[in-house]
Amino acid sequence: MIDRLLILVVLLSMASPGHATKQLFPDQFDYRRYNQLAGPDLLAQDWQEDGKYSLSIRYQSRSAETFYQGEKEVAGTTIQDDYTFLATQYDHRQLDVTVTSGISATSNFVLRIGAVDKTIHLKDDAEGTTKVQKKGLKDIYAGFVIKAIDTNDWRMNMHLGMFLPVALTNISGTVGGDSQTLGYVMQHGSNSASLMPGLGVSRYFYRWSAGLEATAVIPLYPNDLDYLLGKEMHLKPWVSTAIGKSVSVYAMGHYQKVERPKSAHPNMDASLAWTRDSRNVGGSSADIAVGAYLQVDWWRFAQYRLFIEQRIPVYRNLNGTQLQHEQQLSFGLRFQPIKK
């Protein structure tokens, strides 16, 4: 599917009128800083000069129907007798809005606000399958990116931010005729402020660039329900190249390691469903994403870039038993004013 989408992006760019190109790109166009984008979730990469800003809107969707125990794919029937309800499918849709603003020559401010739409399918012998859907805000991210190195060929940015606990973490739903607190995967946040330090390094060549971003998420204190989520570590290597002046394509890896919760949610009976068992949270995983940006080259829309990304899993080593997605699709729009 992604091959067809990338071909469509290239054809659209070839067919777009060129009257705005001279405004966007000088005759001696330097690809080094144009092809640096490699995914909208790289916080330390999207650098803005003092007084400039960018706005990114991203929608992503994934569905999980495959059970894993450690590194192995297993059938749901292997754990069916251990819990009252068997969660057989999990659907996740998410919308994020990110604003990056240059507040000085060496620092940017980043604000990300998001909402989620989560659906879990629960099955038992007596009631059949129950579908529970919940929507709401995610925790808000706010932080600063500091420019450490910036040469013609290299850039290194450090960032430090926090997730602010605005999302709900005691979400319940009707399961088996009773109102029950839903599992960890259905909660929208942690209800605890979390620190997020990180480092991003980029290397620019003429028509392509590469880099690595490393981040951690560190919950700071037990929340009002007296349980604490585990720490997270994320590594994202990437490579990007420009195809002419309208299209850039990229590939990015994402390795993450997530610890189990330090203590269990007090309102979750672990015997009801595997999603409520803290032993079935966290682990290690790796995905590979491929995507493309299209510079819209039409009149007043020349300040916009469309992007699309397809992500597939390549490695799983999960704690306990969990459902995992087989692919994830993201697309959206990025706005950045043209330099005068």
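Taking a cut-off of 24 Å between Cα atoms, list the lysines near residue 147, but don't count ones fewer than 8 places away on the same chain.
52, 236, 339, 340
What order, most packed first, do the peptides 232-241, 134-143 have when packing is the mean number of other Cβ atoms within 10 Å of each residue?
On the way: 232-241: 18.8, 134-143: 16.7.
Output ranking for 232-241, 134-143: 232-241, 134-143.
Local charge sum around residue 282 (other residues, Cβ-Cβ under 10 Å, Lys/Arg +1, Asp/Glu -1)? If you can, show how the numbers build up before the last one.
On the way: positive: 231, 257, 260, 279; negative: 232, 259.
Value of the local net charge: +2.
All of the numbers you see were taken from the coordinates with simple rules; none came from a lab. Given the structure is predicted, the values throughout are model-derived calculations rather than measurements. No Cβ is skipped: glycine too gets one built from the backbone with ideal geometry, and neighbour counts run over all protein chains shown.
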